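Chemist: Can you read through this structure? Questions will come right after.
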Amino acid sequence: MQSTAHAFKANVRAALADQPLQQALGMARTGFQQKRADAAARLPEFEALRDAAKALKDHVLGHLDLYLEAFEQRVVEQGGKVHWARDAAEARAILIDLCQAAGARTVTKSKSMVTEEIGLNEALETAGIRPIETDLGEHIIQLAGQRPSHILAPAIHMTKERISALFAEHHGRPPVTQAPELLAEARAFLRQRYFEADIGITGANFLVAETGSIVLVTNEGNAELTQGLPKVHVVLAGIEKLVPTLEDAFVLLRVLARSATGQEFSAYTTVLTGPKRPADLDGPGELHVVLLDNGRAGMLGTEFQDMLRCIRCGACMNHCPVYLATGGHAYGSVYPGPMGAVLTPGLVGIEEAQHLPNASTFCGRCEQVCPVRIPLPKMMRHWREEQFRRQLTPPTARYGLKLWAFAARRPALYHLGAKVTSRLLGWLGGRRGRFASLPLAGGWTGSRDLPAPEGQSFQALWAARQGRGR
Amino acid sequence: MTAGDARAEILARLGHGLRGGAPGAEQRQGIVARLATPAATLIPSRAALDQAGRIVLFTRQAEAVQASVERLPGPAELPAAVAAYLRRHNLPMRLVMARDPLLTAAPFAASMIQVRYGPVVEADAVGLTVALAGIAETGTLLLASSTERPTMLAFLPETALVVLPSRQVLRAYEDAIAAWRATGEGLPRSLNFVTGPSRSGDIEQTLQLGAHGPRRLHILLIDEPAPAGDGASDAA
């Protein structure tokens, strides 16, 4: 997709002023967090499972080339085909070739962030192939011509009223307003599309090296209909999705749903191995797996390797004060929230995405809830350092930091400066005790008052206290 | 650019990032061994119960995710129970069924229910199939595709009825995997772990049932051991 990450600041201003969006986010704010906390509390082994999940992903990443080779061999042995794509363009070309080889006019898709990452839908449409998103949230935003604003709940930014208006406009049915009616209408509309589709395209939650299996997780059952009804099933998956064995997949599955939605287990976990067997009554006759690199291999052996542990549960954004204030669209990229703030600069470049690693209060909750314990704040700091190195930080911030660093290395000067400044500001603040505006501090005072310093500094108080104690 | 180039280049990038080059024989052997002997994983203690306890837990967990569970003494009682369920929900006395020995042995012919075997079509409102196992930990059903049991039986119809022999209620997913390993056979094309009916929270995070899969999931737990050679015995 076209990134608008560079416009993050303007996007945020628009998002904060968007009343329906704020109303929708208000509903998201409490639900996800409480559900995850409840699910974690119900399972005494949850923290130990998170450790096991982290260790498992680290092991796989440490031997990723070998596991990919093993997986490929097993897929091929069972009659499937494996394709490799270095980047998004190569992946799009492979998928379009597969569609054209099958004479496909319509393809159904079950929600897949990696197809968003490569901009698949636009490419399909350009090639004259109609992509139909089947996940309810994806269907809603496809009708609206939008992008997912959450990796799990793509239409989390939409109110029922907006969905109702969209359905009335696009489904050609009398308008309905209640959630059960809206769902029933989408179900009926999409049901026909499954039967019309020539190809079903899905992502993969996990790829099992031992058996050559693809693991798909949904709550709606749309992945099963997407892959099970058309003649061809195409899987697009990032190369980091490998697990060694089926047992290993369940280590991750046990933390995935709990972290994502607070469910004990998602409604459907499907393990697919090879195409339809000769005696089977249903299933696709052809299975293709497209393995996508797109910058992932380059993260191995760097400070961003830990990011490849991500299992796309969305817990980091569900707990992020910035995400919950702005929604996902403000990030202007496929992956929003803390995981997006780390991943996006790697995908589109730090120049384009320089605001994202800065869109954090460093409260650390993303890391606290990450099922595979990715040190997200630490990695955002890496990007900030990278920005500084490449001189992407604005000059005022750069010189401000340099000035501060100069003083911080000279304690006597620093204390003197702090003393003078705080006395001056205390005096200027007067009886009001705060400033509504201040030169060089417009970023702060633009939206709130700056309190004037009062009394002595900590250093001075400490010195006095030590003196008394002696 | 050929496909071969992409594969070689990605593997080379990975090897370079991981260890500055291609994997050695020892590393390769390590992974072969890891795949040949699956590592023991952490299994929550929640379902470490005897058979009776597992059935209680399975039932509670399945009901917590909006499935309904009914316990029957044996397959002979199936047709009457299914007919009563269909009446209760005002559904037609018609269903598409798996040609599973457990079901074909039940006296459906003597009931009012019109039974059809074979592939599932859009018009089928009710599907009846047999689960390989039940997982007590989360109230999950394990379904496996085969010639007799098309996957779509539990996905296309709005109402999914699933028969589960109660002796097949296992503790955890790993027990079902262990049972599969013991058979020495390959995996079926599709294994479905099903936890409650289809659902979506995409409209203002309110729980709605029946998004694309079944709106209703009814589990018929059957106590009496099924005849030898039935489809469920491969997970015993």
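Chemist: Provide a single number: the residues in the range B:127-148 that are in contact with a helix residue (DSSP H, G or I) (Cβ under 7 Å, 6 or more places away or on another chain) and not in a loop (DSSP other than H, G, I, E, B).
Modeler: Of the residues in the range B:127-148, 9 are in contact with a helix residue (DSSP H, G or I) (Cβ under 7 Å, 6 or more places away or on another chain) and not in a loop (DSSP other than H, G, I, E, B).
Chemist: Next question. Identify, from the list A:155, A:184, A:179, the residue that is open to solvent by 20 Å² or more (accessible area, probe 1.4 Å) and without any contact (Cβ under 8 Å) to a residue 24 or more places away in the chain.
Modeler: Details: A:155 fails: open to solvent by 20 Å² or more (accessible area, probe 1.4 Å); A:179 fails: open to solvent by 20 Å² or more (accessible area, probe 1.4 Å).
A:184 is the lone residue from the list that is open to solvent by 20 Å² or more (accessible area, probe 1.4 Å) and without any contact (Cβ under 8 Å) to a residue 24 or more places away in the chain.
Chemist: Somewhere in the range B:125-138, is a residue buried (at least 24 other Cβ atoms within 10 Å of the Cβ), facing chain A (nearest Cβ under 9 Å) and among the charged types (D, E, K, R)?
Modeler: The answer is yes, given that some residue of the range B:125-138 is buried (at least 24 other Cβ atoms within 10 Å of the Cβ), facing chain A (nearest Cβ under 9 Å) and among the charged types (D, E, K, R).
Chemist: Working only within the range B:84-124, note down all residues that are in a helix (DSSP H, G or I) and either in contact with a Ser or Thr (Cβ under 6 Å, 6 or more places away or on another chain) or within 14 Å of another protein chain (Cβ to nearest Cβ) (or both).
Modeler: none
Chemist: Next question, about the same structure. So is residue A:61 in contact with a Pro (Cβ under 8 Å, 6 or more places away or on another chain), modelled with pLDDT of 95 or more and in a helix (DSSP H, G or I) or not?
Modeler: So residue A:61 fails the test.
Chemist: Could you list all residues from the range A:418-470 that are surrounded by 12 or more Cβ atoms within 10 Å (Cβ to Cβ) and more than 27 Å from residue A:405 (Cα to Cα)?
Modeler: Result: A:433, single match.
Chemist: Somewhere in the range A:211-221, is a residue under 21 Å from residue B:200 (Cβ atoms), of a type in the set (Gly, Ala, Ser), at the interface with chain B (Cβ under 9 Å from one of its Cβ atoms) and open to solvent by less than 10 Å² (accessible area, probe 1.4 Å)? Let's see the steps before the verdict.
Modeler: Narrowing the range A:211-221 to residues under 21 Å from residue B:200 (Cβ atoms): A:215-221.
In the following step, the residues that additionally are of a type in the set (Gly, Ala, Ser) were identified as A:221.
Now restrict to residues that are at the interface with chain B (Cβ under 9 Å from one of its Cβ atoms): A:221.
So of that shortlist, the ones also open to solvent by less than 10 Å² (accessible area, probe 1.4 Å) come out as A:221.
Within the range A:211-221, one or more residues are under 21 Å from residue B:200 (Cβ atoms), of a type in the set (Gly, Ala, Ser), at the interface with chain B (Cβ under 9 Å from one of its Cβ atoms) and open to solvent by less than 10 Å² (accessible area, probe 1.4 Å).
Chemist: Mind checking which residues of the range A:71-117 are in a strand (DSSP E or B) and either open to solvent by less than 20 Å² (accessible area, probe 1.4 Å) or more than 8 Å from every other protein chain (Cβ to nearest Cβ) (or both)?
Modeler: Residues satisfying the conditions are A:81, A:82, A:84, A:85, A:106, A:107, A:108, A:109.
Chemist: Yes or no: residue A:346 in contact with a Phe, Trp or Tyr (Cβ under 8 Å, 6 or more places away or on another chain) and within 14 Å of chain B (Cβ to nearest Cβ)? Explain how you work it out, then say what you get.
Modeler: On the way: in contact with a Phe, Trp or Tyr (Cβ under 8 Å, 6 or more places away or on another chain): yes; within 14 Å of chain B (Cβ to nearest Cβ): yes.
In short, yes.
Chemist: Moving to a separate point now. Within the group A:176, A:215, which residue is over 27 Å from residue A:77 (Cα atoms), outside any helix (DSSP H, G or I) and of a type in the set (A, V, I, L, M)?
Modeler: Of the residues listed, the single one that is over 27 Å from residue A:77 (Cα atoms), outside any helix (DSSP H, G or I) and of a type in the set (A, V, I, L, M) is A:176.
Chemist: Here is a further query. Quick one: count up the residues across the range B:52-76 that are more than 14 Å from chain A (Cβ to nearest Cβ) and open to solvent by 60 Å² or more (accessible area, probe 1.4 Å).
Modeler: 5
Chemist: Could you please tell me which pairs satisfy a Cβ distance under 6 Å, a separation of 6+ or placement on different chains, a first residue in the range B:125-154 that is under 19 Å from residue A:266 (Cα atoms), and a second residue that is of a type in the set (Asp, Glu)?
Modeler: That search, which allows pairs on different chains as well, returns B:138/A:264; B:151/A:282; B:152/A:282.
Chemist: To continue, here is another question. With the checklist (1) facing chain B (nearest Cβ under 7 Å); (2) outside any loop (DSSP other than H, G, I, E, B); (3) surrounded by fewer than 22 Cβ atoms within 10 Å (Cβ to Cβ) in hand, flag the one item residue A:192 doesn't pass.
Modeler: Here residue A:192 clears every test but (1).
Chemist: For the range A:225-330, list the helices (runs of 4 or more DSSP H) that sit wholly inside it and hold at least 2 residues that are surrounded by 21 or more Cβ atoms within 10 Å (Cβ to Cβ) and of a type in the set (A, V, I, L, M); which are they?
Modeler: So the answer is A:246-260, A:315-318.
Chemist: Only one of B:183, B:159 is of a type in the set (Val, Ile, Thr), surrounded by fewer than 24 Cβ atoms within 10 Å (Cβ to Cβ) and modelled with pLDDT under 95; which? Reasoning before the result, please.
Modeler: Values: B:159 fails: modelled with pLDDT under 95.
On inspection, the qualifying residue turns out to be B:183.
Chemist: Quickly run through the range A:331-361 and pick out the residues that are aliphatic (A, V, I, L, M) and open to solvent by 10 Å² or more (accessible area, probe 1.4 Å).
Modeler: A:334, A:343, A:347, A:348, A:359
Chemist: Do you know which of the residues in the range A:266-280 that are over 24 Å from residue B:140 (Cα atoms) and without any contact (Cβ under 8 Å) to a residue 12 or more places away in the chain is nearest to the other protein chains (Cβ to nearest Cβ)?
Modeler: Initial filter on the range A:266-280 (over 24 Å from residue B:140 (Cα atoms)): A:275-279.
Checking the rest, the ones that are also without any contact (Cβ under 8 Å) to a residue 12 or more places away in the chain come to A:276-279.
On the way: A:276: 6, A:277: 6, A:278: 9, A:279: 4 Å.
Only one residue tops the list, namely A:279.
Chemist: Those residues that are among the basic types (Lys, Arg) and within 11 Å of chain B (Cβ to nearest Cβ), I need them from the range A:36-70; list them, please.
Modeler: Matches in the range A:36-70: A:42, A:50.
Chemist: Okay, moving on. Please pick out the residue among A:90, A:117, A:133, A:125 that is touching a helix residue (DSSP H, G or I) at 6+ places or on another chain (Cβ under 8 Å) and without any contact (Cβ under 8 Å) to a residue 12 or more places away in the chain.
Modeler: Being touching a helix residue (DSSP H, G or I) at 6+ places or on another chain (Cβ under 8 Å) and without any contact (Cβ under 8 Å) to a residue 12 or more places away in the chain holds for just one of A:90, A:117, A:133, A:125, which is A:90.
Chemist: Now for a different question. Being open to solvent by 40 Å² or more (accessible area, probe 1.4 Å) and touching a residue at least 60 places away in the same chain (Cβ under 8 Å) is the filter here; which residues of the range A:379-399 pass it?
Modeler: Selection gives A:382 alone.
The values are calculated or read from the model by the stated rules, or taken from the named source; none is laboratory data. Values in this document were obtained by computation on a predicted structure and should not be read as measured data. Positions of Cβ are generated from backbone atoms using ideal geometry, with glycine treated the same way; all protein chains shown enter the neighbour counts. Ligands, DNA and RNA are stripped out before the accessible areas are found, and what is left, the full protein with its side chains, is counted by its heavy atoms. Shrake-Rupley method; radii C 1.70, N 1.55, O 1.52, S 1.80 Å.
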